[in-house]
1. Would you be able to tell me the number of residues in the range 109-127 that are crowded, with 24+ Cβ neighbours inside 10 Å and either within 16 Å of ligand 2 (Cβ to nearest atom) or of a type in the set (Asp, Glu) (or both)?
2. From the residues in the range 181-194 that are without any contact (Cβ under 8 Å) to a residue 60 or more places away in the chain and closer than 22 Å to Thr105 by Cα, which one is farthest from ligand 2 (Cβ to nearest atom)?
3. Do we find that Gly224 is modelled with pLDDT under 95 and within 16 Å of ligand 2 (Cβ to nearest atom) in this structure?
4. Is there a residue being within 24 Å of Gln95 (Cα to Cα), more than 16 Å from ligand 1 (Cβ to nearest atom), in contact with a helix residue (DSSP H, G or I) (Cβ under 7 Å, 6 or more places away or on another chain) and in contact (Cβ under 8 Å) with a residue 12 or more places away in the chain anywhere in the range 220-227?
5. Filtering the range 228-260 down to residues that are within 16 Å of ligand 1 (Cβ to nearest atom) and among the small types (Gly, Ala, Ser), which residue is farthest from Gly100 (Cα to Cα)?
6. Just a yes or no: is a residue in the range 131-147 of a type in the set (Phe, Trp, Tyr), closer than 13 Å to Leu226 by Cα and surrounded by 15 or more Cβ atoms within 10 Å (Cβ to Cβ)?
7. Do any helices (runs of 4 or more DSSP H) entirely within the range 10-119 hold 2 or more residues that are at pLDDT below 95 and within 16 Å of ligand 1 (Cβ to nearest atom), and if so, which?
8. Show the residue pairs meeting these rules: Cβ distance below 9 Å; 6+ apart or different chains; first residue within the range 120-149 and polar (S, T, N, Q); second residue more than 10 Å from ligand 2 (Cβ to nearest atom) and assigned to a strand (DSSP E or B).
Amino acid sequence: MIGTDGAVGETEVVSVQDEVDDVSRETQLSESEKAADALARVSREASGDVADIPEAGADTPLAQAVAADTRKRMTLVGRELPRPAHTRVLTVANQKGGVGKTTTTVNVAAALAQAGATVLVIDLDPQGNASTALGIEHHAEVPSIYDVLVDGDPLSKVVQPCPDVPGLFCAPATIDLAGAEIELVSLVARETRLHKAVSKYVAELGEQGQALDYVFIDCPPSLGLLTVNAFVAGSEVFIPIQCEYYALEGLSQLLKNIELIRDHLNPNLHVSTILLTMFDGRTRLSAQVADEVRSHFPDQTLKASVPRSVRISEAPSHGQTVMTYDPNSSGALSYLEAASEMAAQNAAENSEDRS
Ligand SMILES: Nc1ncnc2c1ncn2[C@@H]1O[C@H](COP(=O)(O)OP(=O)(O)O)[C@@H](O)[C@H]1O
Ligand SMILES: [Mg+2]
């Protein structure tokens, strides 16, 4: 009897908690997001041609945003994107925390995989946020990137498939990685250990007739040995920049470090891609930061920018990327747009690698 009572009580608690969660999510969604959602549903249901969608500028800002999303949905969703001729290794770095490195890594990686590419995410942050967002086990006993860096295990021993997205894989980070920064100091070739592991893994897959199209390395918010390993492992740096007041502070330090690595350890290293994240179209500050970044880095900054979105921030708590959690949301569409621009860079990046 006691057991039954207990069970009933628990169910009630769970359902009440669910309702509370729903209510708090509802209240978190801003009025404009709710309106945009509703309008987006209407426009999804209406059949038609991309040409029928009004150009931005003709109507209210909200209508413009919905029209822009609908256009992206019709032109990008479900499309195959061109794959690179050689594996592109991108280090997602910015020593500031909370700027959207992990969010960008997992969502761009998922978008590219959904568009037909084979993609590996290497979680190099001891917090393991990328592993969580990709629904990958990463408790202390799981073989992880720590074993690769410190013990020299092959990547193939630790890589796991992402359960929701075919073609997407993850080398998880466990809490062990927190000690790696110190343990690496005394190891031989401490800066090139990740590079060796990635090259070997790409070659192994090649021998089996499989191509790895992209490797994304999600860095911790520091410029220590873990990040140095990431900078040596690939030739491209991908910098997410948050459209906030302090966004550009620290960027010159990051660029100086990249230059140092280029001079001493990896002559191919260059900033290939910058993505503006948490963009809020209603504030002048966001627009100012975006203008400044675009004027300094006209070739590297993607045209797509990622809006601040509740859907993006709640996806990880479901062990998902926003690309599967809510693929029609404006956050998911903007990551898909960023991915398609990155796929368009393929030809240029590969010819640079060969030169
Ligand atoms: N476009 C966005 N809209 C809303 N929240 C976001 C967005 N991008 C990231 N976030 C949230 O901001 C926080 C920091 O993002 P994260 O990707 O973990 O940054 P970093 O890896 O640089 O520390 C997380 O809670 C994340 O869910
Ligand atoms: Mg992170």
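The values are calculated or read from the model by the stated rules, or taken from the named source; none is laboratory data. Since the structure is predicted, the reported quantities are computational estimates derived from the model, not experimental observations. Cβ coordinates were reconstructed from backbone atoms using ideal geometry, including for glycine residues, and neighbour counts include every protein chain displayed.
1. Here the count works out to 7.
2. Arg193
3. yes
4. Going residue by residue through the range 220-227, those that are within 24 Å of Gln95 (Cα to Cα) are 220-227.
Next, from what is left, pick out any that are more than 16 Å from ligand 1 (Cβ to nearest atom): 225.
Narrowing the set further to residues that are in contact with a helix residue (DSSP H, G or I) (Cβ under 7 Å, 6 or more places away or on another chain) leaves 225.
Narrowing the set further to residues that are in contact (Cβ under 8 Å) with a residue 12 or more places away in the chain leaves 225.
Looking for residues that are within 24 Å of Gln95 (Cα to Cα), more than 16 Å from ligand 1 (Cβ to nearest atom), in contact with a helix residue (DSSP H, G or I) (Cβ under 7 Å, 6 or more places away or on another chain) and in contact (Cβ under 8 Å) with a residue 12 or more places away in the chain, one finds at least one in the range 220-227, hence yes.
5. Ala230
6. yes
7. Fully inside the range 10-119 and qualifying: 31-45, 61-76.
8. These pairs meet every condition: Ser131/Val121; Ser131/Gln160; Ser131/Cys170; Ser131/Ala171; Ser144/Ala171.
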